[in-house]
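Note sheet for the following structure.
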Amino acid sequence: AFEFTTAAGSNLALHLEGVKRDADEYRVGKDWSEGRHVNGSYKESETGTVGLSWIGKNGYIGAAFTKERTEYGIPGHGHEFESCHPHGSHLHCGGHEEEEGHDHDEHGEEGHDHDHDHEHGEVPVVKLDSERWDIRGEYRNPVAGIERVRMRASFTDYVHDELEDNVISTSFRNKGHDARLEAVHAPLAGWRGVFGLQTTRRDFSAIGEEAYVPPTLTKKHAAFLTEEYKLENWRFEAGLRHEWQDIEVDAPGLRDTDARGTSASVGAVWKLAPQYSLRASLSRSHRLPTAEELYADGVHLATATYEVGNQDLDKETSNNVDLTLRKFEGDTTFSVSAFHNRVDNYIYAHTLDNHEGFQLVEYAQRDATFTGLEGEIRQKLTPAISATVFGDYVRARFDEGEGSRNLPRIPASRLGVKLDGDWNQWHGMVEFYRVGKQDKLADYETETAGYNMLNVGAHYSTRIGGVPTQFYARLNNLTDELAFSHTSFIKNAAPLTGRNLTAGIRVIF
């Protein structure tokens with residue numbers, strides 16, 4: 001990766017950056033029954049950006065062009081899934097014969113050790129091309145009462161093809177733009193704030209065997225306002241946003257939808273002592289359903305699901321309470337946050353049936369409640385060494401209804417400790433945390449075992465020829481633990497990465 005900025009004239013700045021990545025199929029922790037590597041988990045990517053900005057006395061304006069080309073495999077795919085289709089609320093996956101040449105049992109542990117299974121046509125492959133233009137600008141003091149006006153806009157032309165046995169089966173295309181204009185007003189009766197407008201347009205289409213969403217055109221517009229007021233040891237905050245969304249769908253039997261939503265929040269931060277602050281916020285927000293949630297009907301390879309949309313979905317309404325206590329100075333610092341969210345008409349992917357890891361999901365709504373706690377405490381042991389204890393926990397349940405009241409794919413609790421220190425030009429770190437098992441299960445979910453994670457890292461900063469240079473290394477999952485993420489649709493087909501080392505050099509000039 002590189003990033004480079006230089007003057008291109010008295011008022012011009014030229015910016016270049018690029019990334020090239022070639023990742024083979026990653027190795028999982030020890031003793032996985034499917035072998036050592038995740039079949040189809042490779043990724044090759046190239047991204048380049050060129051930007052030019054004009055910088056003046058009262059502001060700037062610039063544009064950048066980004067080109068990306070990426071190829072990656074889709075783990076968790078089984079050819080027998082291609083014949084799966086819903087019969088009411090059940091999956092029917094018949095008609096698949098082993099003699100068709102799709103016998104996956106022959107690929108045992110040894111079958112996962114070859115490079116890039118996509119070369120052998122054994123996993124679906126995505127080839128992605130994206131072109132993106134970004135424009136940003138700012139102008140200070142344009143008129144009385146306005147301190148600055150900021151603008152940003154993007155235009156994207158995205159296409160990806162899904163290939164099976166080197167033949168394109170489905171092509172997805174997404175052309176869209178996003179624009180935001182905001183103004184920072186001068187203090188008004190002690191209040192400082194930002195108001196503005198935002199608009200987005202997304203023209204999506206899919207053609208092929210697994211085009212699980214019909215062509216849609218999504219248009220969304222919003223107006224927003226955020227304000228802040230300071231009074232001695234208090235800071236008050238308020239925000240308001242209103243959205244308009246229209247989705248046009250090009251498919252027989254489906255209807256266009258339009259929706260409106262308003263979100264509002266108020267909060268206060270009290271500096272109750274020189275080193276302490278207490279923050280409280282209340283918010284009520286709406287989330288509008290997406291085109292996929294409304295109109296999906298087909299196989300989604302990336303999540304190993306057959307998705308069924310629901311045109312009758314209403315907007316979500318979330319009522320939230322957040323509290324945070326912080327100590328931000330001294331040898332001991334900490335931050336502890338608690339939240340309670342009551343969501344009316346929560347939209348989620350409801351699993352109706354499961355066939356060997358392939359799920360039939362229908363987008364549905366139920367009232368739900370989320371309650372959680374997260375925090376960390378950091379203690380300076382010596383002038384150079386500090387220790388941190390951290391953790392988080394969330395409990396999510398449906399308020400009522402048939403079946404399990406547990407929400408699907410909710411992360412398990414986590415508790416850990418981190419030790420870091422500095423010695424001359426060296427910085428080192430060792431981190432250990434425990435992710436608990438998740439046994440609060442929704443329908444058709446299976447329990448996910450807990451796991452331990454041990455990571456170590458270090459970097460060394462110096463100068464070579466007068467140029468700042470940093471050598472760094474990080475060893476994750478030192479014990480090579482076999483771990484699974486409960487939040488993943490394909491957790492059993494794609495465990496987390498096993499022992500892995502990252503090492504590199506960073507040069508700043």
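The values are calculated or read from the model by the stated rules, or taken from the named source; none is laboratory data. Everything numeric here is computed off the predicted structure, so don't read it as measured data. In this analysis, Cβ positions are derived from the backbone assuming ideal geometry, glycine residues included, and neighbour counts consider all displayed protein chains. The area values use the complete protein model at the heavy-atom level, side chains included, leaving out ligands, DNA and RNA. Shrake-Rupley method; radii C 1.70, N 1.55, O 1.52, S 1.80 Å.
Checked against (1) under 30 Å from ASN320 (Cβ atoms); (2) of a type in the set (S, T, N, Q); (3) free of Cβ contacts under 8 Å to residues at least 40 places away in the same chain, ASN174 meets all criteria but (1).
For segment 82-100, the condition of being at pLDDT 95 or above, open to solvent by 70 Å² or more (accessible area, probe 1.4 Å) and touching a strand residue (DSSP E or B) at 6+ places or on another chain (Cβ under 7 Å) holds for none of the residues. Selection of segment 497-508 for residues being open to solvent by 60 Å² or more (accessible area, probe 1.4 Å) and farther than 15 Å from ASP24 by Cα yields ALA503, ILE505, ARG506, VAL507, ILE508. Among the residues of segment 200-221, those that are open to solvent by less than 40 Å² (accessible area, probe 1.4 Å) and under 22 Å from the mean Cα position of the chain (by Cα) comprise PHE204, TYR212, VAL213, THR218. Within segment 269-324, take every residue that is in a helix (DSSP H, G or I) and at pLDDT 95 or above and give me the one that is nearest to ILE347 (Cα to Cα). Across segment 269-324, the extreme among qualifying residues is GLU293. Scanning segment 480-498 for any residue that is polar (S, T, N, Q), touching an Asp or Glu at 6+ places or on another chain (Cβ under 9 Å) and at pLDDT 95 or above turns up nothing. Screening GLU362 on (1) within 23 Å of ALA304 (Cβ to Cβ); (2) among the charged types (D, E, K, R); (3) not in a strand (DSSP E or B) shows it passes everything except condition (3). Residues that are closer than 23 Å to SER318 by Cβ and within 23 Å of the chain's Cα centre (by Cα) number at least 3 in the following strands (runs of 3 or more DSSP E) confined to segment 383-456: 385-398. Spot the failing condition for GLY401; the list is (1) on the phi > 0 side of the Ramachandran plot; (2) surrounded by 16 or more Cβ atoms within 10 Å (Cβ to Cβ), and only one is missed. Tallying (1) on the phi > 0 side of the Ramachandran plot; (2) surrounded by 16 or more Cβ atoms within 10 Å (Cβ to Cβ), GLY401 fails exactly one: (2). Within segment 230-268, no residue satisfies the criterion of being more than 30 Å from GLN311 (Cβ to Cβ), without any contact (Cβ under 8 Å) to a residue 24 or more places away in the chain and in a strand (DSSP E or B).
Scoring ASN406 on the criteria (1) modelled with pLDDT of 95 or more; (2) open to solvent by 30 Å² or more (accessible area, probe 1.4 Å); (3) of a type in the set (S, T, N, Q) leaves a single failure, condition (2). Scanning segment 459-477 for residues that are open to solvent by 60 Å² or more (accessible area, probe 1.4 Å) and not in a strand (DSSP E or B) yields one hit, GLY465.
Screening ALA144 on (1) more than 16 Å from ALA211 (Cβ to Cβ); (2) part of a strand (DSSP E or B); (3) open to solvent by 90 Å² or more (accessible area, probe 1.4 Å); (4) not hydroxyl-bearing (Ser, Thr, Tyr) shows it passes everything except condition (2).
Would you pick out the residues in segment 380-429 that are among the charged types (D, E, K, R) and in contact with a Gly (Cβ under 9 Å, 6 or more places away or on another chain)?
LYS380, ASP392, ARG395, ARG414, ASP420, ASP422
Residues that are in contact with a His (Cβ under 8 Å, 6 or more places away or on another chain), closer than 17 Å to ILE505 by Cα, of a type outside the set (Val, Ile, Thr) and open to solvent by 40 Å² or more (accessible area, probe 1.4 Å) do occur in segment 427-443, at least one of them.
Answer yes or no as to whether ARG366 is at pLDDT 95 or above, within 30 Å of ASP297 (Cβ to Cβ), surrounded by 15 or more Cβ atoms within 10 Å (Cβ to Cβ) and of a type in the set (D, E, K, R). Taking the combined requirement at face value, the residue satisfies it. Assessment of segment 325-334 against the conditions (in a loop (DSSP other than H, G, I, E, B), open to solvent by less than 30 Å² (accessible area, probe 1.4 Å) and over 28 Å from TRP191 (Cα atoms)) yields no matching residue. Entry remark, segment 271-287: residues being surrounded by 15 or more Cβ atoms within 10 Å (Cβ to Cβ) and over 17 Å from ASN320 (Cα atoms) number 3 in total.
Each residue in segment 478-509 was checked for being among the basic types (Lys, Arg), more than 20 Å from the chain's Cα centre (by Cα) and not in a strand (DSSP E or B), and 1 of them qualify.
Which of the residues belonging to segment 292-321 are open to solvent by 30 Å² or more (accessible area, probe 1.4 Å), within 22 Å of the chain's Cα centre (by Cα) and farther than 24 Å from PRO124 by Cα? Of everything in segment 292-321, just one residue is open to solvent by 30 Å² or more (accessible area, probe 1.4 Å), within 22 Å of the chain's Cα centre (by Cα) and farther than 24 Å from PRO124 by Cα, namely LYS315. Scanning segment 336-386 for residues that are touching a strand residue (DSSP E or B) at 6+ places or on another chain (Cβ under 8 Å) and charged (D, E, K, R) gives ARG342, ASP344, ASP353, GLU362, ARG366, ASP367, GLU374, GLU376, ARG378, LYS380.
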